[in-house]
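The values are calculated or read from the model by the stated rules, or taken from the named source; none is laboratory data. None of the values given here were measured: they were computed from a predicted structure. In this analysis, Cβ positions are derived from the backbone assuming ideal geometry, glycine residues included, and neighbour counts consider all displayed protein chains. With ligands, DNA and RNA removed, areas are computed over all heavy atoms of the protein, side chains included. Shrake-Rupley method; radii C 1.70, N 1.55, O 1.52, S 1.80 Å.
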Amino acid sequence: MIKVITYGSFDMLHYGHIRLLERAKALGDYLVVGVTSDDYDKVRGKINLQQSLMERVESVKATGIPDEVIIEEYEGQKIDDIKRLGIDIFTVGSDWAGYFDYLREYCQVVYLDRTQGISSSEIRSKKRSIKIGLVGEEEGRILNKYFDEANVVNGIHVSGICTINKKLREEIGERLSFVTDDYYALLDKSDAVYIISHPREHYDQIKAALLKGKHVLVETPITLHESQCAELFQIAGQNKLILMEALKTAYATAYNRLLLLIKSKKIGKVVSVDATCTSLREINPQNAGYNQIWNSICAWGPTALLPIFQILGTEYTEAVIHTYYYDKRNKFDAFTKIDFTYKNAVASIKVGRGVKSEGELIITGTKGYIYVPAPWWKTDYFEIRYENSEENKRYFYQLEGEGIRYELVAFSKAIDSGKNLAYIKENESLAICQIMNQYFEGKNIEII
């Protein structure tokens, strides 16, 4: 019996896929099909798949062509599979010609011509053609990152940028034809907007976009008041629009795997979460644009709060804020520490734009603890540590684009499906805004 194996994502299964499988089956007597997992596809650069792994597996099985379907999960698995399954022929599309020649040491390699004019990438691109406008002022480096990352996501096109920042207009203006300081002009040219203006401006800008029928991806915090955030979610829901909080850490693979391990009780019951996010940056109140600079609590607070609210929940009994002001009149904090009390746990965050500390995340449990080294908010690595160090485990996950591209994919999919697919729940966004409101209203706050 001649055994044949082939691999692919098989996203949005189409005639080209079926024809390739039929021709692969014709090469022998028994066909094994490897469907690549979501995580491995991310490593390979395929970050905008429309279907889940199980949906893709079931689609391949439903064709009735394969004799066996397996899941491809890691680099180098093809060699393991060929040896383990006794494969005689490895085959794949001719667009990979030469790439898998190294497998000739283990079996015959055959490259099959692909069906012309059909590809999953083209189907995805045609299905989703979203014109997204970029809005921001001081945080130009982040806007540049979003501009770059949008270019690697199928079906997203940057329609223009709105900013009063002259330097930013010049930087992006060299690569983008539509640059303006008129927000409504940008809305007219866009299906959606990504907003990273100062949080003080978020409410008005988000509301204006939603009332004009535009989807919104907004940098965290959504607003500085919980009631305003709730109102905006309500408007979005009533108008069947997507309002998503842009917090890229939530979309990092390592961070998501960490949450799953905690839910599976790998460290027992969580009793404490401690998150630190700091950066040193020269800040001069005399500089033009100083009023657009984000203070510590706005710049880092939501990121540090994310694991607390996603692990312990949003129903804390008390939050005590300790802050060190750089500019007290404008409530510009150089450093802020917040201590949370829950019914059966505690948590704390330390954030700063004028101090420096170890940017680590530590999650304490009754069986062990999770340690995420600095900078934890864009890590590709963490450890689970136990009393017996021989039981410790290390986890590595590749992170592309700091999580921005995965965030854009989720936003795009949400628009397509009409369902909010954000990795941050509405109640978590509201809890973040509640802390912002507490800080700016000076409730339960101690100045140090």
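Of note:
- For Gly365, residues with placed amide H under 5 Å, excluding near neighbours: Val271, Ile370
- With 0.36 nm allotted per residue and the present C-alpha distance subtracted, the Ser279-Glu231 stretch has 14.0 nm of extension available.
- Neighbourhood charge, 9 Å Cβ-Cβ cut-off, centred on Leu217 and excluding it, Lys, Arg +1 and Asp, Glu -1: -3
- Computed label-point distance, nm, for sites Glu55 and Lys263 using a 7 Å Cα→Cβ extension: 1.8
- Globularity index of segment 348-448, i.e. its alpha-carbon radius of gyration over 2.2 N^0.38 Å: 1.41
- With a simple spin-label model that places each label point 7 Å from the Cα along the Cα-to-Cβ direction, the separation between Val320 and Arg141 comes to 3.5 nm.
- Pairwise FRET efficiency - His14 versus Phe100, Cβ, R0 = 25 Å, nearest 0.05: 0.65
- Cα-based helix-to-principal-axis angle, 140-150 vs the chain, degrees rounded to 10: 20
- Solvent-accessible area per residue for the chain (1.4 angstrom probe, square angstrom): 45
- Computed label-point distance, nm, for sites Ser357 and Thr341 using a 7 Å Cα→Cβ extension: 2.0
- Computed from Cα atoms, the angle from the helix 226-238 axis to the main principal axis of the chain rounds to 40 degrees.
- Cross-link pairs Lys207/Lys356; Lys263/Lys350; Lys263/Lys378; Lys207/Lys248; Lys145/Lys269; Lys265/Lys419 - those with Cα-Cα distance over 32 Å: Lys207/Lys356; Lys145/Lys269
- FRET efficiency estimate (nearest 0.05) - Cβ-Cβ, Leu211 to Arg329, R0 45 angstrom: 0.85
- With Cα atoms as the point set, the radius of gyration and Dmax of the chain evaluate to 24.6, 81 Å.
- Comparing Cα centroids, segment 324-362 and segment 295-323 end up 9 angstrom apart.
- Taking Cα atoms only, the orientation of helix 404-417 departs from the longest principal axis of the chain by about 80 degrees.
- What a 1.4 Å probe finds exposed on the chain is 47% carbon and sulfur by accessible area, rounded to a whole percent.
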